[in-house]
1. Compute the normalised compactness of the chain: alpha-carbon radius of gyration over 2.2 N^0.38 Å, N being the residue count.
2. Can you tell me, using C-alpha contacts under 8 Å and at least 6 residues apart, the relative contact order of the stretch 18-115 as a whole percent?
3. Can you sort 69, 388 by how many other beta carbons sit within 10 Å, fewest first?
4. Sorted from fewest to most neighbouring beta carbons within 10 Å, what does the list 126, 269 look like?
5. For the residues 52, 92, 314, what sequence is obtained by ranking on other C-beta atoms within 10 Å, fewest first?
6. For labels at residue 99 and residue 66 in the simple 7 Å Cα→Cβ model, what's the distance in nm?
7. With a cut-off of 8 Å between alpha carbons and a minimum separation of six or more residues, what is the relative contact order of the stretch 192-290 in percent?
8. Given a cut-off of under 8 Å on Cα pairs at least six residues apart, what relative contact order in percent is computed for the chain?
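Please treat every number below as a calculation from the coordinates, not as lab data. None of these values were measured; they are calculated from a predicted model. So basically every Cβ, Gly included, is an ideal-geometry build from the backbone, and we count neighbours across all protein chains shown.
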């Protein structure tokens with residue numbers, strides 16, 4: 001064996017040892033030794049929607065409040081039509097009074113200087129468990145109370161005057177809420193909400209996506225009995241949830257499986273769930289407009305790479321064990337760049353409209369779509385603004 005061959009063989013051996021042992025903890029899952037990966041149930045490729053927005057319509061959206069709101073996931077308007085209100089990365093819920101933003105509510109009782117403004121929404125991740133991270137927001141139409149799904153502090157409520165929100169529930173069946181994500185309220189005041197994972201917190205949302213672990217839950221809080229019950233369990237990253245216009249059912253997103261499911265509240269099917277619509281990617285929130293149609297925010301379309309790894313968890317586990325940082329695995333999941341997509345479905349689950357910014361020039365990511373007075377308000381946990389698109 002020549003010296004050059006020996007050198008090359010030695011280099012490959014060192015590389016193999018480095019990849020196999022990850023001595024510098026560069027692996028995406030370095031903080032979770034012993035992690036497991038799970039198969040994702042996906043439909044045949046022919047059943048996944050392929051509709052595109054050839055005009056990249058979301059590039060015509062207006063980026064409002066640039067730099068004034070960091071990571072505004074949910075956008076809500078109160079019963080009087082005022083707002084928007086939005087939860088931001090430093091743990092506050094902000095209110096736009098038509099001229100300026102003001103503090104409206106907090107979810108954490110122990111805020112400190114570590115919650116002070118930072119340059120990017122992602123800069124807050126490591127301290128979210130201290131500062132709080134309000135995600136889904138909903139106003140009770142009769143009382144004017146704002147209900148908040150905070151990723152770390154559970155389900156909360158604050159009155160019309162704002163202030164420190166009161167915790168309503170932090171556990172179900174003895175299992176703590178670990179990643180409270182979104183909610184909606186029926187006419188009786190019952191609150192339906194999602195807990196995305198009992199193993200991964202929101203600050204490790206990428207690891208939850210990578211592993212597709214099935215510990216997510218769909219829950220109900222009864223405001224009279226104060227009881228929290230589990231409606232569905234073993235879900236893979238459940239997040240957005242929205243009641244139908246007539247209140248007979250609600251739909252909820254399951255991120256890892258890329259689908260919208262319907263849970264019946266009334267009628268012969270009450271208490272059961274079924275597929276409502278298949279989605280082309282990883283959904284976040286879903287919201288109902290005045291016509292009873294559903295707007296779904298798609299975080300990104302599912303790439304061939306993501307599709308293959310979803311089906312083969314052992315291969316995925318191998319890749320995740322390599323000393324490759326999470327952000328690079330994430331970029332491979334989303335096809336190399338952020339790109340905003342929203343889809344509208346009819347009350348019966350038929351695809352009606354697709355709006356996109358495939359180049360990510362203006363709307364790089366969407367967490368929620370709130371339709372009001374002919375405008376779509378687009379929030380995103382990754383962006384420092386709210387985008388507004390005129391329909």
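1. Numbers: Rg = 21.3 Å, N = 391, 2.2 N^0.38 = 21.3 Å.
So the Cα radius of gyration is 1.00 times the expected 2.2 N^0.38 Å.
2. Numbers: 72 pairs, mean separation 11.8, N = 98.
Relative contact order comes out at 12 percent.
3. Numbers: 69 25, 388 17.
Least crowded to most crowded, the residues run 388, 69.
4. On the way: 126 10, 269 14.
Ranking 126, 269 by Cβ neighbours within 10 Å, fewest first, gives 126, 269.
5. Numbers: 52 13, 92 24, 314 8.
The order, fewest Cβ neighbours first, is 314, 52, 92.
6. Here the modelled spin labels are 2.5 nm apart.
7. 21 percent
8. Values: 978 pairs, mean separation 74.6, N = 391.
So the answer I get is 19 percent.
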